Each structure stands twice: as structure tokens, then as C-alpha cells.
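Notes follow once the structure below has been shown.
The values are calculated or read from the model by the stated rules, or taken from the named source; none is laboratory data. None of these values were measured; they are calculated from a predicted model. All Cβ positions, even for glycine, are placed from backbone atoms using ideal geometry, and neighbour counts span all protein chains on display.
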Amino acid sequence: MSLQNDIESLVKSVGLELYDTSVVSEFGETIYRVAVISPEFEDDKRKGVTMDECVELTHLISPLLDVTPPVSGEYRLEVGSPGLERKLTTLDHFTKSVNENIAFTTMENEKIKAKLVNVDGSKLIFENEDGTTEIEFNDIRKAKTYFEWK
């Protein structure tokens, strides 16, 4: 099993879903980030992840990383939510963001803001005031969720 699969199993064991893992460098420090989301919804919105859940996961993942380090050298483990506004870089990220507002740029540099209503294979289906738009995942240059204040 890979480290990613082992982490995903630990995340599922506490009732959450693995969103992403990444290695970043901030202020000269290497950070191994594990982003998790809740699989549960409330009023059509994904429930948040609590600080207690993040602490519990940190205690579960840390011993695994002692045996199988994600990077060479020193690093810090950071477990948390990817946040309300997060980058979408994989098809799985889009699948986990259905019914959320997405701002994206196509390969032709067209900028669109719309609600993601469905993912059908590699086809992403969006709705906004201009109607319904279907775009292939590979035709998106960059994307992120965004929060609209009301």
C-alpha cells in the first residue's frame, strides 16, 4: 500500500474524506499538509471539519509518517480543512465540489463563474445566469471554489 492509501484509510476511520495531500515550503519550513473534508451535508452545504477531528487525525497520522516519511529531511505535519475557497486541481476535487460555486479559466482564457451541478465522467456541468455549460475537465486551465457573501 502507498502512503496516500494508508493516510486515506486513517482519514476514513474517523468518518472523514481525504481531499488532498501536499508538500509546501513556507518561510523556509517544509510542511506536509493533509486536507480533509466531511462526507456529510447539512442544508445542501458540506459540514465543516472540527479542530478535535484534526487533532485526532494528527495523532493517528504522525506515527505512520515516523515509519514512512513523506519527504526527506525535517518537516511539519499540518492536518486541516482545505477551506471554503480552495484550488481544484483534480477531477476528484471537482466531484467533491458539486453544488458549490466555482471560478475557472478555460484553456482559451475565458473566465467563468458558475455553480457546479454535476460531474459526468470527465465532463463538468455548470449553471449560471447564462444557462448551462458543459466543459471537459482537460479544457480547464485553473479553478477554485469561491464563497459568495449574501
Any residue in the stretch 12-35 that's assigned by TED's automatic domain parsing to the domain that holds Arg46 and under 15 Å from Leu60 (Cβ atoms): show its pairings with residues that are surrounded by 11 or more Cβ atoms within 10 Å (Cβ to Cβ) and among the aromatic types (Phe, Trp, Tyr) at Cβ separation under 9 Å, as long as the two are six or more apart or on different chains. Thr21/Tyr32; Tyr32/Tyr75; Val34/Tyr19
Is it true that Val98 is within 17 Å of the chain's Cα centre (by Cα), assigned by TED's automatic domain parsing to the domain that holds Phe137 and either surrounded by fewer than 17 Cβ atoms within 10 Å (Cβ to Cβ) or closer than 17 Å to Gln4 by Cα (or both)? yes
Note on Ile31: of the conditions (1) within 17 Å of Lys144 (Cβ to Cβ); (2) touching a Lys or Arg at 6+ places or on another chain (Cβ under 7 Å), unmet is (1)
Look through Arg86, Arg141, Arg76 and report the one residue that is surrounded by 14 or more Cβ atoms within 10 Å (Cβ to Cβ), among the basic types (Lys, Arg), touching a strand residue (DSSP E or B) at 6+ places or on another chain (Cβ under 7 Å) and in contact (Cβ under 8 Å) with a residue 12 or more places away in the chain. Arg86
